[in-house]
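I have placed the structure first, in the form of structure tokens, so that the comments after it can refer back to it.
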Amino acid sequence: MLVKKFVPCIYLYNGHAVRRLNDLSVVETDPLRLVHLYNENNADGLIVFDMSHDDQAHEEALEMLREICAAAQMEVTGAGNVNRLEDIKKLLYAGCRRAVLDFTAESNIALTKEASLRFGRDKLLASSHSADIIAENRELLETYVCGLILQTPHQIRETQGITRLPFLVEVNQIALNKLMEIFAYENVCGVTGNTINDNYRDILALKSLCKENGILVDTFDAALQWDDLEKNSDGLIPVIVQDYRTGEVLMMAYMNEEAYGQTLRTGRMTYFSRSRRQLWLKGETSGHFQYLKSLTADCDKDTLLAKVSQIGAACHTGARSCFFNGIVKKDGEESANPLQVFQEVLDVIKDRKIHPKEGSYTNYLFDKGIDKILKKLGEEATEIVIAAKNPGATEVKYEMSDFLYHMMVLMAQKEIGWEEITAELANR
């Protein structure tokens, strides 16, 4: 049985979110505000339609799409203005998990096989308003895309009978209880469109209704109930909070039964404040929410480890982590975390750019400018190639280190961080 998803969409036009593809009335001047609202209300994905009509507006839409992908706590699908392979690449490089080929355009149909072979079947969806078009291209679709977006709910039955591909249904106006009827179709994997946009605050309630009706939805189903956990004398359980990407320990707090239940229900970390004797939704006042990625109990079931996506700072002081007061450290005993080493070196390079140091080779590169940096990067890449032709790996290791250093100088020059690089790699 397919997991049924609630997927809002943003129709992006001139930097604003508009009502729909054929209605340019502005519903939100800041699309990022919508992204945060969809994050907070447990949306399962997001589709962004680029409705720009010229090259400059298209580039501006792609820049907004990058910001949307960076802010979204869900998979983002990019649609609109796809005419060639380069357009698909731009959507994927902006951070979209998938790109949409509009099958109302013959050029998109012709592009499907080549795009799939280049980027992968799992990176492509196809959209259509007609079951006939889907029928005519069934073999192509089932071979080269991973799913469909059906632009009208009126052809669900026909589409269901044509293909085994899962499909989202775009619904712009329907009674919410009718969603249960749509979800009853085996191949329907979710609903998108203004029905979800207009009712995003009801997503959690709708998921509960789905579960009551035996419909599979994306929620945290706990393997351990509150009664299975060992609480302290105050009836609380400590929670260690860790960044799910880097492994950095961010903070420690406590949960009571209500906080535990609310965290699992909403996907946002909720604690019990011992000083205020009340529930505490992390980020409620600061906006620095923590989105739950996984929750694990230790061997005695008396401590929890939460891996989260942290928005902003975890500590009330404004620090990324609460653990910054060094007490003691034995030199040479700490193993090198590769990502931490990369970050520390990049931080030094960035500091040299802001606070130049006389005699610094890094400052010499910055002073000479981008052409010198690129020349050195090219030279170091060539040195890697030459070293790789020789036996053994030692020389290659040294040359790769030189290359990475110069690459980080370029990153600092272009104001690129490791999080952006690692996010891009993860997307691929």
At a 1.4 Å probe, what is the % contribution of carbon and sulfur to the accessible area of the chain? 49
If you consider only alpha-carbon coordinates, what radius of gyration and Dmax does segment 63-138 have, in Å? 12.6, 38
Probe of 1.4 angstrom, ligands and nucleic acids ignored: what's the accessible area per residue over the chain, in square angstrom? 54
Report the relative contact order of the chain, percent, no decimals, based on alpha-carbon pairs under 8 angstrom and at least 6 residues apart. 10
If r is the Cβ-Cβ distance from Leu404 to Asp367 and R0 is 22 Å, what FRET efficiency results, to the nearest 0.05? 0.55
Based on the Kirkwood radius over alpha-carbon pairs, what is the Stokes-Einstein translational diffusion coefficient of segment 275-319 at 10 °C with 1.306 mPa s viscosity, in µm²/s? 131
Quick check: the distance between the Cα centres of segment 400-428 and segment 337-383, to the nearest angstrom? 11
Across Lys330/Lys414; Lys89/Lys207; Lys5/Lys414; Lys207/Lys307; Lys282/Lys330; Lys231/Lys307, pairs whose alpha-carbon gap is larger than 29 Å: Lys330/Lys414; Lys89/Lys207; Lys5/Lys414; Lys282/Lys330
Which of the trypsin sites (Lys or Arg not before Pro) across segment 137-223 are loop residues per DSSP, with 13 or fewer other Cβ within 10 Å? Arg164
Geometric extent, Cα atoms of the chain - Rg, Dmax (angstrom): 25.0, 73
Within 10 Å of each candidate Cβ there may be at most 15 other Cβ atoms; applying that plus a DSSP loop requirement, which trypsin sites (Lys or Arg not before Pro) in segment 351-404 survive? Lys357, Lys389
Can you give me the three principal axis dimensions of segment 243-376 from its C-alpha atoms, in Å, biggest first? 60, 35, 26
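The values are calculated or read from the model by the stated rules, or taken from the named source; none is laboratory data. Every value quoted in this text rests on a predicted model; they were computed, and no experiment measured them. When we count neighbours, we look across all protein chains shown, and the Cβ atoms used for this are built from the backbone with ideal geometry, even at glycine. The area values use the complete protein model at the heavy-atom level, side chains included, leaving out ligands, DNA and RNA. Shrake-Rupley method; radii C 1.70, N 1.55, O 1.52, S 1.80 Å.
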